Amino acid sequence: MKKWAKQREVLEKAAKDLSRRPFACEADARKAIELFLREYRHQPFILKGTVDEEIASSYARPGRPKKGEQPLNTVVYHAHIQIEEDREAMAHEKDLASTFVLITNLMDTKAYPDREVLKEYKEQNAVERQFRFLKQPVLLGPIFLKNKNRVEAMSFVFQLALLVAAYLEYRVRKSLEQEESPLILPGKRKSTNPTARALLEMFDYLLVVKQGSDRALINYQGPEVIRALELAGFGKEIYLFPPRGGG
């Protein structure tokens, strides 16, 4: 996992910085190891510390030493950290990351086994995506209804509209699976999985002009709009020849 690789990188840098630091006595070096292990104790790695003794040579004054001047030797200690992967801790962390709780009121475990409940849960994403569109303030903000029955009726109309939009999206996507070229959305964006919102925005470019009993369809977007209609199973005739009683 990338997370563990990043954690190891941080650990190795911290261990390298610690190993470069000299200590005057072994006790101080071991105390530094203890603090290091305590700070990184929650990492999925096995950390072990050792202390090395080293003779450090230096001169009394900086610069080039005088001829025959002997260096001063002092004993210093360095703390070293060995890092190993904790396979058991990693496996436990992976299990936790891949485990989550689902609460359901579908009590018939034969009709709805765990895998079926999980499948239903994952498919809720499509439903939530549609309702996210409905919850936009730009759609609901201008609407004010005092009567409870009217609020319920408007809610039903909105849900019906979402159902139609979702079905439109489904039909176009299914048709595109049989096509070699993607649909070109406004802005020259290519898509093989257009959303209902993107499709409805395309249809906004269609304008119906009425003159007496005749109708003309003006298309500001180009052939891709008509293609989107055809992918949905319709044609421009639905604009030119609406059902009887249509406006």
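The values are calculated or read from the model by the stated rules, or taken from the named source; none is laboratory data. Treat the numbers as computed from the prediction; the structure is a model and nothing was measured. Every residue, glycine among them, receives a Cβ derived from its backbone with ideal geometry; neighbour counts consider all protein chains shown.
Observations on the model:
- In the set (1) of a type outside the set (Ser, Thr, Tyr); (2) outside any loop (DSSP other than H, G, I, E, B); (3) modelled with pLDDT under 85; (4) under 30 Å from Gly222 (Cα atoms), the condition left unmet by Ile184 is number (3).
Rundown of residues vs (1) in contact (Cβ under 8 Å) with a residue 12 or more places away in the chain; (2) surrounded by 10 or more Cβ atoms within 10 Å (Cβ to Cβ); (3) at positive phi, yes/no style:
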position	(1), (2), (3)
Ala5	no, no, no
Val10	no, yes, no
Ser19	yes, yes, no
Cys25	yes, yes, no
Ala29	yes, yes, no
Pro44	yes, yes, no
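- Some residue of the stretch 203-211 being under 24 Å from Phe241 (Cα atoms), modelled with pLDDT of 85 or more and part of a helix (DSSP H, G or I): yes
- Conditions (1) over 20 Å from Arg129 (Cβ atoms); (2) part of a helix (DSSP H, G or I); number of the one not met by Tyr167: (1)
- Looking only at the stretch 176-203, residues that are exposed (fewer than 12 other Cβ atoms within 10 Å of the Cβ) and closer than 17 Å to Val164 by Cβ come to 0 in all.
- Residues that are surrounded by fewer than 13 Cβ atoms within 10 Å (Cβ to Cβ) and of a type in the set (S, T, N, Q) within the stretch 208-231 comprise Gln211, Ser213, listed in sequence order.
- Under the condition of being part of a loop (DSSP other than H, G, I, E, B) and basic (Lys, Arg), the residues counted in the stretch 82-118 number 1.
- Ile55 hydrophobic (A, V, I, L, M, F, W, C) and touching a residue at least 40 places away in the same chain (Cβ under 8 Å): no
- Contacts under 9 angstrom Cβ, first residue in the stretch 205-221 being within 18 Å of Gly235 (Cβ to Cβ), partner of a type in the set (Ser, Thr, Tyr) and not in a loop (DSSP other than H, G, I, E, B), 6 or more apart: Leu206/Tyr239; Val208/Tyr239; Arg215/Tyr239; Leu217/Tyr239
- Here the stretch 1-33 is the region considered, the condition is being part of a loop (DSSP other than H, G, I, E, B) and either in contact with a helix residue (DSSP H, G or I) (Cβ under 8 Å, 6 or more places away or on another chain) or among the β-branched types (Val, Ile, Thr) (or both), and the residue that is modelled with the highest pLDDT is Arg21.
- Of all residues making up the stretch 34-82, the number that are hydrophobic (A, V, I, L, M, F, W, C), at pLDDT 80 or above and farther than 19 Å from Lys16 by Cα: 2
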